[in-house]
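Take a look at the structure set out below.
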Amino acid sequence: MYILGIETSCDETGVAIYHSTKGLVSHHLYSQISMHSEYGGVVPELASRDHIRKLIPLVKQTLSDSNLNNTDIQGIAYTAGPGLMGALLVGATTARSLAWAWQVPAIAVHHMEGHLLAPMLEENPPKFPFVALLVSGGHTLLIQVDGIGQYTQLGESLDDAAGEAFDKTAKMLDLGYPGGPKVSQLAEKGTDRFVFPRPMTDRPGLDFSFSGLKTFTMNTYNSTNKSKQDKADIAYAFQKATSETLAIKCRRALQQTGLKTLVIAGGVSANTQIRAELLKMTEKENATLFFPRLEFCTDNGAMIAYAGCQRLLAGQEENLEIYAKPRWPIEELMAL
Ligand code: KG4
Ligand code: ZN
């Protein structure tokens with residue numbers, strides 16, 4: 001069964017075709033980064049308009065690269081939320097209209113479930129049950145995953161998401177957008193000069209908070225001469241504090257659940273220092289760490305096609321209604 005996947009929740013138009021037994025057939029991504037960077041962040045209206053321009057050509061390109069045509073497609077999966085309302089609606093209306101025209105089912109996919117299942121696209125996928133750390137621009141979630149749709153939230157960020165903290169730190173240091181990769185690059189030139197707090201690690205629990213760390217970063221930056229080296233040292237300290245905080249909470253989650261498998265996914269899981277810190281922790285805990293390949297850490301159509309395919313295979317059905325859910329708790333999903 002060939003499934004077309006469509007992702008338009010934020011600033012990336014992603015399209016992929018996944019086959020239920022052959023795996024990923026092809027995928028394409030158009031990133032809007034250069035368009036938004038002029039404004040220092042995502043401009044929602046520009047994002048929606050660009051998805052409109054790029055989505056259909058990307059669908060055509062993905063079909064032709066796969067040597068398939070529309071009659072081969074047996075289902076369409078699209079991101080229905082969470083995300084930017086206008087951007088989501090472009091994907092939802094396109095997916096549902098194509099599905100109606102092609103007489104195939106369409107299925108609404110939860111963006112974070114897409115991220116969560118992205119490591120399943122790799123050669124050596126994790127087995128259920130596992131603990132998942134989902135770290136993106138809008139979410140920081142620790143989840144116990146017992147199967148597809150069987151999600152128990154263990155912790156979340158009470159304020160800024162991890163990716164948001166990277167983006168705000170980058171803005172503060174004048175590094176541009178998106179912040180994560182820029183902070184990470186600059187941190188390579190930094191030295192171990194400042195000690196930043198590891199928020200909420202001195203008390204029990206699995207929730208996160210990054211807004212205090214952001215204030216601490218700003219105060220430290222303002223106390224320096226704001227030289228290139230000052231910036232690099234601050235990026236280093238921020239990244240170290242963030243990765244150690246994430247590792248402390250993930251260790252707690254593994255100990256609390258008794259599970260020995262940790263999955264990390266979402267844009268921030270592309271961060272090399274965070275991966276290294278989590279790898280060090282899981283080795284000590286006799287646990288195994290899984291993550292998607294770099295291009296599937298950030299938004300993409302492949303993870304949406306995969307998640308939708310599993311739900312369609314399980315017989316999930318939806319009516320023809322076109323809807324998008326900018327806010328959508330992951331625990332509301334139906335278990336397979
Ligand atoms: O998953 P994603 O592509 O989109 C959302 O669902 O939000 O994540 C984007 C976030 C941004 O905040 C970006 O700065 C962050 O992921 N990010 C990174 C890195 N690459 C992307 N953060 C830290 N280090 C990176 N290498
Ligand atoms: Zn995402």
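Using the structure shown, decide if ALA132 is under 19 Å from CYS297 (Cα atoms), outside the structural domain of VAL15 (by TED's automatic domain parsing) and either within 16 Å of ligand 2 (Cβ to nearest atom) or surrounded by fewer than 24 Cβ atoms within 10 Å (Cβ to Cβ) (or both). Yes. Consider region 152-179 and keep the residues that are within 16 Å of ligand 2 (Cβ to nearest atom) and farther than 16 Å from LEU246 by Cα. The one that is surrounded by the fewest Cβ atoms within 10 Å (Cβ to Cβ) is TYR177.
Selection of region 177-208 for residues being over 18 Å from GLY155 (Cβ atoms) and within 20 Å of the chain's Cα centre (by Cα) yields TYR177, PRO178, GLY179, GLY180, PRO181, LYS182, VAL183, SER184, GLN185.
Does ALA247 satisfy being closer than 30 Å to ILE73 by Cβ, part of a helix (DSSP H, G or I) and either within 16 Å of ligand 2 (Cβ to nearest atom) or modelled with pLDDT of 95 or more (or both)? Considered against the rule, which asks whether it is closer than 30 Å to ILE73 by Cβ, part of a helix (DSSP H, G or I) and either within 16 Å of ligand 2 (Cβ to nearest atom) or modelled with pLDDT of 95 or more (or both), ALA247 comes out as no.
Only residues that are among the charged types (D, E, K, R), within 16 Å of ligand 1 (Cβ to nearest atom) and surrounded by fewer than 20 Cβ atoms within 10 Å (Cβ to Cβ) were counted across region 270-305, and they come to 3.
For region 223-266, filtering for residues that are in contact with a Lys or Arg (Cβ under 9 Å, 6 or more places away or on another chain), more than 13 Å from ligand 1 (Cβ to nearest atom) and polar (S, T, N, Q) leaves 4.
In region 178-217, the qualifying residues are those that are near ligand 1 (Cβ under 8 Å from one of its atoms) and touching a residue at least 60 places away in the same chain (Cβ under 8 Å), and the one that is farthest from SER136 (Cα to Cα) is SER184. Listed by position, the strands (runs of 3 or more DSSP E) inside region 109-173 whose residues that are out of contact with any His (no Cβ under 9 Å at 6 or more places or on another chain) and within 18 Å of GLN310 (Cα to Cα) number at least 3 are 140-147.
Screening TYR323, TYR306 for residues that are of a type in the set (Ser, Thr, Tyr), part of a loop (DSSP other than H, G, I, E, B) and within 30 Å of ALA101 (Cβ to Cβ) leaves exactly one candidate, TYR323.
Scanning region 209-224 for residues being within 17 Å of LEU158 (Cα to Cα) and not in a helix (DSSP H, G or I) gives a total of 2.
What number of residues in region 110-129 are within 22 Å of GLY315 (Cβ to Cβ) and within 12 Å of ligand 2 (Cβ to nearest atom)? Result for region 110-129: 4. In this entry, GLY41 passes the filter for residues that are over 12 Å from ASN300 (Cβ atoms), within 15 Å of ligand 1 (Cβ to nearest atom), surrounded by fewer than 21 Cβ atoms within 10 Å (Cβ to Cβ) and not polar (S, T, N, Q).
The values are calculated or read from the model by the stated rules, or taken from the named source; none is laboratory data. These figures come from a predicted structure and were not determined experimentally. Please note: Cβ atoms are built from the backbone with ideal geometry, for glycine as well, and neighbour counts cover all protein chains shown.
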